[in-house]
Amino acid sequence: MRFYLPSINKTNLELTGEAHTHAAYALRIRVGEYITVFDGLGHDYSCVVKEIKKDKTVLELLDTAENVGESEIFVTLYLSVIKQDKFELAVQKATELGVKRIVPVYSTFTQRNVSLNYDRLNKIAISACEQCGRSRVPVIEQALDFEELLARTKNTYMIFPWEREMHGNIKSYIDKTKTDISVFVGPEGGITEEEKIKLAECGAKSVTLGSRILRAETAAIAALSVVFYEMGEWVL
Ligand code: SAH
């Protein structure tokens, strides 16, 4: 079992507050059980449960490890703002797949009446790290406007799935020597012709995800899966 502890004191390892209640009362961990605590910044601590008190679970450190479950490549997902529950799904799945950074984006056809709850998104990313066994919690940044996205990603290595793209295919654009790649997925309303041109001028490559129109969250998960596979992250 993995528990997220944002500030870890190696000489005095213990679960307190919500983590303690969750471990001791919901999961009913026992003295002698092995658990891992991680700080979300790449450090894992394997521990054994020494004592369960009313207000804390006391642990003993056995071993430490770095960057467990972390990908060698730094993948950023720029995802247009979509409804909170769909965005949460994308955050959970992108975290499991190994994305390091998630940035919401507002473009022309983004629904403006949606405001994201960043606290919830962070919690979802943390739970996904606990569940899938990775030690770095992806950073979820504040939303960018489309122009800021362009400025930020100009001449970087970026693909964007575009539902009207006929030929651009991810496989042929993948360069395994790169260590940093971004994926921009547009909103449910799609991106405008002008936005498409601007992205291309900035060096981003439009790619197809097949002949069916996918929901934005599906497009994000599908595109990321192909990127991780083609970059050699999955040895199948
Ligand atoms: N409103 C648009 C669909 C937008 S789908 C329409 O009806 O045509 C939401 C986002 O998912 C798109 O902006 C695109 O980034 C991505 N997407 C969905 N299906 C895709 C496909 N078949 N190929 C490439 N990108 C796709």
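Need one word for the stretch 94-236: rounded, prolate or oblate. Basis is the Cα gyration tensor (sqrt eigenvalues a ≥ b ≥ c); a/c below 1.5 gives rounded, then a/b vs b/c decides.
On the way: a/c = 1.59, a/b = 1.12, b/c = 1.42.
Oblate, because a/c is 1.5 or more while a/b does not exceed b/c.
Element breakdown for the stretch 83-236 at a 1.4 angstrom probe: carbon and sulfur atoms account for 50% of the accessible area. Entry note, the chain: relative contact order of 20 percent, from Cα contacts under 8 Å with a spacing of 6+ residues. Taking amide H atoms as placed 1.01 Å from N in the peptide plane, the amide H of Ile140 lies under 5 Å from those of Ile102, each 5 or more residues away in sequence or on another chain. Using only side-chain charges placed at the Cβ, +1 for Lys and Arg and -1 for Asp and Glu, the dipole size of the chain relative to its Cα centre rounds to 340 debye.
Between the stretch 50-101 and the stretch 176-235, the C-alpha centres lie 23 angstrom from each other. Note on the stretch 93-168: Kirkwood hydrodynamic radius from all Cα pairs is 14.4 Å, rounded to one decimal. Separation of the alpha carbons by more than 32 angstrom is noted, of Lys93/Lys205; Lys10/Lys54; Lys100/Lys171; Lys100/Lys198; Lys50/Lys86; Lys54/Lys123, for Lys50/Lys86. The string of couplings for the stretch 197-206 from the Karplus curve (6.51, -1.76, 1.60, θ = phi - 60°) is 5, 4, 4, 5, 5, 7, x, 7, 10, 7 Hz, one whole number per residue in order, with x for Gly and Pro. Checking the a/c ratio against 1.5 first, then a/b against b/c, what shape does the Cα gyration tensor give for the stretch 40-83? Here the stretch 40-83 falls in the oblate category.
In the stretch 130-236, which trypsin sites (Lys or Arg not before Pro) fall in coil by DSSP and have 11 or fewer other Cβ atoms within 10 Å? Working shown, then result.
On the way: sites: Arg134, Arg136, Arg152, Lys154, Arg164, Lys171, Lys176, Lys178, Lys196, Lys198, Lys205, Arg212, Arg215; in loops: Arg134, Lys154, Arg164, Lys176, Lys178, Arg212, Arg215.
Filter output for the stretch 130-236: Arg164, Lys176, Arg212.
Largest accessible area first, the listed residues Ser127, Ser7, Ser182 line up as Ser7, Ser127, Ser182 when surface is computed with a 1.4 Å probe on the assembled protein chains.
Close amide H contacts of Ser135 (hydrogens built in the peptide plane, cut-off under 5 Å, sequence separation of 5 or more or a different chain): Val68, Glu70.
Using the crude model of +1 on Lys and Arg Cβ and -1 on Asp and Glu Cβ, and no other charge, please compute the dipole size for the stretch 84-161 relative to its Cα centre, in debye to 20. Before the final figure, lay out each step's value.
Values: 11 positive and 9 negative charges, 41 e Å.
Dipole about the Cα centre, nearest 20: 200 debye.
For the set Lys10, Lys93, the ranking by accessible area, highest first and with no ligand, DNA or RNA atoms included, is Lys10, Lys93 under a 1.4 Å probe.
Springs join every pair of Cα atoms under 10 Å in this Gaussian network model of the chain, and among Glu18, Glu147, Glu165 the largest mean-square fluctuation is at Glu18. Solvent exposure of the stretch 134-236, expressed per residue, is 53 Å² of accessible area, with all protein chains present and a 1.4 angstrom probe. Against the main long axis of the alpha-carbon atoms of the chain, helix 118-132 sits at an angle near 70°.
Residue-normalised convex hull volume from the C-alpha trace of the stretch 1-102: 114 Å³ per residue. For Phe184, the residues whose modelled amide H falls within less than 5 Å of its own, excluding neighbours fewer than 5 places apart on the same chain, are Tyr78, Ile159, Phe160. Relative to the longest principal axis of the Cα atoms of the chain, helix 216-230 runs at roughly 80 degrees.
Taking only protein heavy atoms into account and a 1.4 Å probe, give the accessible area per residue of the stretch 47-94 in Å².
Working: 2320 Å² over 48 residues.
It amounts to 48 Å² per residue over the stretch 47-94.
The values are calculated or read from the model by the stated rules, or taken from the named source; none is laboratory data. Quick caveat: nothing in here was measured; it's all calculated off a predicted structure. Positions of Cβ are backbone-derived with ideal geometry, glycine not excepted, and every protein chain shown enters the neighbour counts. With ligands, DNA and RNA removed, areas are computed over all heavy atoms of the protein, side chains included. Shrake-Rupley method; radii C 1.70, N 1.55, O 1.52, S 1.80 Å.
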